[in-house]
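Structure record follows, encoded as structure tokens.
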Amino acid sequence: MMNDSALTVNNGVAQPPMVNPDVAKLFGRRQALPEVAEYVDGILAGNVVMLSRAITLIESRRNDHQQVAQQVLEACRPHAGRSVRIGITGVPGAGKSTFIETFGGMITARGHKLAVLAIDPGSERSKGSILGDKTRMETLSADPHAFIRPSPGTGSLGGVARKTGETVILCEAAGFDYIFIETIGVGQSEVAVHSMTDFFLLLLISGAGDELQGIKRGVMEMSDLIVINKADGANIPKAQQAQAQYQSALRLFPPPPSGWTPHVLTCSAMEKTGLDTILHNIEGYIAITKANGYFEHRRREQARYRMYETINETLQNNFYRNERIAARLEQVEQRVVRGELNPYEAAAQLLMVKHE
């Protein structure tokens, strides 16, 4: 049949596939883990990519990952311990992220290397986490002398990430001489962070009201320094008034065993004022506690805390991974939900499963 149309359509050039088949093959198989020596050499060389991969390995719950992670930790442990570990907490709205970015930038500008371990709030429903600290700290994220590692806090005491202590060891082995551990500022997280740091800084703001600062008494007793942030513009008089009030409150507490007298300072993270005095106080605390032996005492207490945390975590994991317990857990749980069994008796039954 003859085509009377004046329009002729020629065959076009064959288009390549949308996805490179070689890339598809790569993503189709699981990449092998680096050798332990490769992890260790990369960390000791200050390679932040390898450091990040090692931290991910530590946070993994897979048994094969944990075996490699423990070998990496043991190899890095002799190179750790040379940093200043600072816990930073504060009431909601105190500007922790802005403070950490500004204060951290000042520390790196003075020739130090800074690692920020930011514990992000996780969802108890979805088990997801915001992990937004790199977004909030844009300048510090681009600093070649800074390393920011957001970690999900879901399922851990007070939002403190499960493996923060081990992460500190890896960061120190990578040459970071200042470690910031930021808490989400609620519940028991402050207690946990205080137990794994050398210096504890409490960040507050003026005029927040007691309803936002209800945690302050217990946290104030643990604090080595209290800082009233956002002391700028018309807020300066209020900040100074809050400074005087908190300084008076500190006098009611017994002297801390460190031999250091906690102070209350003001600063503005936005305008970068008062930060030099904060660093001077931290350096003064470290000098005094190293001279009187308290610094090493705290480090021994940190090691003891990590031991008990490891025991608790191991016992919990072994319990839930037990096949006999897993087989009965849902059934017992449903009986509790229906009101057929009280939760205490249910727990006792499950705990006795391994002894039957």
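The values are calculated or read from the model by the stated rules, or taken from the named source; none is laboratory data. Values in this document were obtained by computation on a predicted structure and should not be read as measured data. No Cβ is skipped: glycine too gets one built from the backbone with ideal geometry, and neighbour counts run over all protein chains shown.
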State whether one or more residues within the range 234-245 are at pLDDT below 95, assigned by TED's automatic domain parsing to the domain that holds Gly105 and of a type in the set (D, E, K, R).
yes
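Determine, yes or no, whether Ala37 is modelled with pLDDT of 90 or more and over 23 Å from Ser141 (Cα atoms). Can you show your working first?
Details: modelled with pLDDT of 90 or more: yes; over 23 Å from Ser141 (Cα atoms): yes.
Criteria met by Ala37.
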Checked the range 73-100 for anything surrounded by 16 or more Cβ atoms within 10 Å (Cβ to Cβ) and over 20 Å from the mean Cα position of the chain (by Cα); matches are Ala75, His79
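Among the candidates Leu329, Leu341, Leu315, single out the residue that is farther than 27 Å from Gln67 by Cβ and of a type in the set (A, V, I, L, M, F, W, C). Show your work before the answer.
Working: Leu329 fails: farther than 27 Å from Gln67 by Cβ; Leu315 fails: farther than 27 Å from Gln67 by Cβ.
One residue alone meets the criteria, Leu341.
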Set Arg149, Arg217: member being basic (Lys, Arg) and modelled with pLDDT under 80
Arg217
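Per-residue answers, yes or no, for (1) farther than 30 Å from Gly93 by Cβ; (2) at pLDDT below 95:
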{"site": "Cys267", "(1), (2)": "no, no"}
{"site": "Leu275", "(1), (2)": "no, no"}
{"site": "Glu283", "(1), (2)": "no, no"}
{"site": "Lys290", "(1), (2)": "yes, no"}
{"site": "Phe295", "(1), (2)": "yes, no"}
{"site": "Ala303", "(1), (2)": "yes, yes"}
{"site": "Ile311", "(1), (2)": "yes, yes"}
{"site": "Thr314", "(1), (2)": "yes, yes"}
{"site": "Tyr320", "(1), (2)": "yes, yes"}
Tabulated pairs, the range 77-88, first at negative phi and hydroxyl-bearing (Ser, Thr, Tyr), second outside any helix (DSSP H, G or I) and surrounded by fewer than 21 Cβ atoms within 10 Å (Cβ to Cβ), C-beta under 6 angstrom, 6+ apart or interchain:
Ser83/Asp177
Kindly check whether there is at least one residue in the range 185-202 that is more than 18 Å from the chain's Cα centre (by Cα), at pLDDT 90 or above and crowded, with 20+ Cβ neighbours inside 10 Å.
no
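Name every residue in the range 218-259 that is among the polar types (S, T, N, Q) and either surrounded by 15 or more Cβ atoms within 10 Å (Cβ to Cβ) or closer than 25 Å to Phe295 by Cβ (or both), in order of residue number.
Our first condition is that a residue be among the polar types (S, T, N, Q); within the range 218-259, this holds for 223, 229, 235, 240-241, 243, 245, 247-248, 258.
Those that are among the polar types (S, T, N, Q) and either surrounded by 15 or more Cβ atoms within 10 Å (Cβ to Cβ) or closer than 25 Å to Phe295 by Cβ (or both): Ser223, Asn229, Asn235, Gln243, Gln247, Ser258.
Go through the range 273-304 and count every residue that is in contact with a Gly (Cβ under 8 Å, 6 or more places away or on another chain), within 30 Å of Arg61 (Cα to Cα) and surrounded by 14 or more Cβ atoms within 10 Å (Cβ to Cβ). Show your work before the answer.
Of all residues in the range 273-304, those in contact with a Gly (Cβ under 8 Å, 6 or more places away or on another chain) come to 288-289, 292, 294, 299, 302.
Add one more test, that the residue is within 30 Å of Arg61 (Cα to Cα), and what stays is 299, 302.
From the residues that got through so far, the ones that are surrounded by 14 or more Cβ atoms within 10 Å (Cβ to Cβ) too are 302.
Within the range 273-304, residues that are in contact with a Gly (Cβ under 8 Å, 6 or more places away or on another chain), within 30 Å of Arg61 (Cα to Cα) and surrounded by 14 or more Cβ atoms within 10 Å (Cβ to Cβ) number 1.
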